[in-house]
């Protein structure tokens, strides 16, 4: 249905160099590669969201001009995209977003009822139920993503491209989405899925294209050999997982919560994290995880008590909590973690008066510190003067990690979705950094919708459901077993609580 060989440059930096992809009709095609490989850029060019700088593009056998290819042309050709950070306007309802630019009117009156009904019915039919009248900014990330998929199909997408679609989903939701994609493909819709998760590639993909450093380095006719796919992605051996430190029995709590609540979203949370301990918070997105992180960080009013080390910070400001030894990695790096139009260096030292100085910014010190962090986290490109907006999502995340985990005298870390939308190599590096701060004596609270991530990283996992803790499990001497995984998955969906 579509094939391309594309070039894209931002300033002097080549993002794509004759990057090739060929997608067969009615198939599921996985596009994989490390952060910064050019995957999102490639699919955005195919969808007309951004302009390519050259190359060739063929759609349904006809060659199209890359220079004149735009969003309208892509939509007319039946190409839809669901982007990693979403494209719906938060202040509008799902149906209002769905009709932007093609508003159905009866005279001067906007007529939304018929479209809303069609969206709801389509969502039910394909197994992605949505509320067309809900405001987008009141939806969980997973629900907003479902709405964008349904809207794209409603507008007649024959080729649907999804950029990291499972990054915001719990395991049971991932399984449902992958099943839906296979069903859509069997009914004739062509799917391109951008993902870092090779178990999902093996489960759903017919063919695989691997990008590395802006070039297509491999194409696989099947997704069975995930080892070969992983090696093609990283250009060599796959990074090994970080090992959680051995937990001391006499370790003191670094973070303690007593009956913490936030409005109707979070209720009577009792939780402690000891020095050197990595504790996971598991749950389907939208069950109070966001409010839990914001309450600990002092960014929303809350009831109950929060202690960081020996300090009761229940009434303290967010700034004061950081001064007491807290680090906060927010779940959405774009809305709470970064100033996108500032440099990497400025973002790394944002709020870090221990680096910048209180009354006058020491630029030499800032440059040296930022350079060290860029090297430590392998931020690409390795240029502290680069504008953060131009970085890939994974490298943007590493900028946040660099700032937060380099804070002095760390006692506690809240890491919300720390590897969402991040590739294999970056996941390993971020996990390594979290393990290192735990080994140094901090307590680390990891909030993730990815149960596999928590099982790989944590000593203990607590499940949050409808704003309450409904149970927990602790790793055994030999780590986690399948029985524990099954029990945690059941708790996440409400099928079991213990």
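Quick note: the coordinates plus some simple rules give every number you see, no bench work behind them. Being a predicted model, the structure only gives us computed values, none of them experimental. We place every Cβ from the backbone using ideal geometry, glycine too, and count neighbours over all the protein chains shown.
Table for the structure above
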item: Packing-based ranking, highest mean first, of 129-135, 272-278 given that Cβ atoms within 10 Å are counted; result: 272-278, 129-135
item: Extension gain, residue 249 back to residue 342 (0.36 nm per residue minus Cα-Cα distance, nm); result: 29.1 nm
item: Region 2-234 - Rg and Dmax from Cα coordinates, angstrom; result: 17.6, 59
item: The chain: angle of helix 113-126 to the longest principal axis, Cα-based, in degrees nearest 10; result: 80 degrees
item: Using alpha-carbon coordinates, inclination of helix 171-186 to the longest axis of the chain, degrees; result: 10 degrees
item: FRET efficiency for residue 58 and residue 468, using Cβ-Cβ distance with R0 set to 51 Å, rounded to 0.05; result: 0.45
item: Rg over Rh, two decimals, region 303-405 (C-alpha only, Kirkwood Rh); result: 1.01
item: Share antiparallel - DSSP beta bridges, region 253-493, percent rounded to 5; result: 55 percent
item: The chain - mean residue ellipticity at 222 nm from DSSP helices (-39,500 (n - 2.57) per run, n ≥ 4, rounded to 500); result: -9500 deg cm²/dmol
item: Cα-based helix-to-principal-axis angle, 363-377 vs the chain, degrees rounded to 10; result: 70 degrees
item: Rg and Dmax of the chain, Cα atoms only, in Å; result: 23.0, 73
item: Rough spin-label spacing in nm, given labels placed 7 Å along Cα→Cβ, for residue 222 and residue 17; result: 3.3 nm
item: Per principal axis, descending, Cα span of region 253-493 in whole Å; result: 51, 39, 30
item: Translational diffusion of region 208-346, µm² s⁻¹ [Kirkwood Rh, Cα pairs; Stokes-Einstein; 20 °C; 1.002 mPa s]; result: 115 µm²/s
item: Mean Cβ neighbour count within 10 Å, used as a protection proxy, ranking 399-411, 142-154, 221-233 highest first; result: 142-154, 399-411, 221-233
item: For region 104-215, alpha-carbon Rg over 2.2 N^0.38 Å; result: 1.19
item: FRET efficiency estimate (nearest 0.05) - Cβ-Cβ, residue 187 to residue 118, R0 22 angstrom; result: 0.80
item: Full-stretch length increase - residue 231, residue 133 - with 0.36 nm per residue and alpha-carbon distance subtracted; result: 30.8 nm
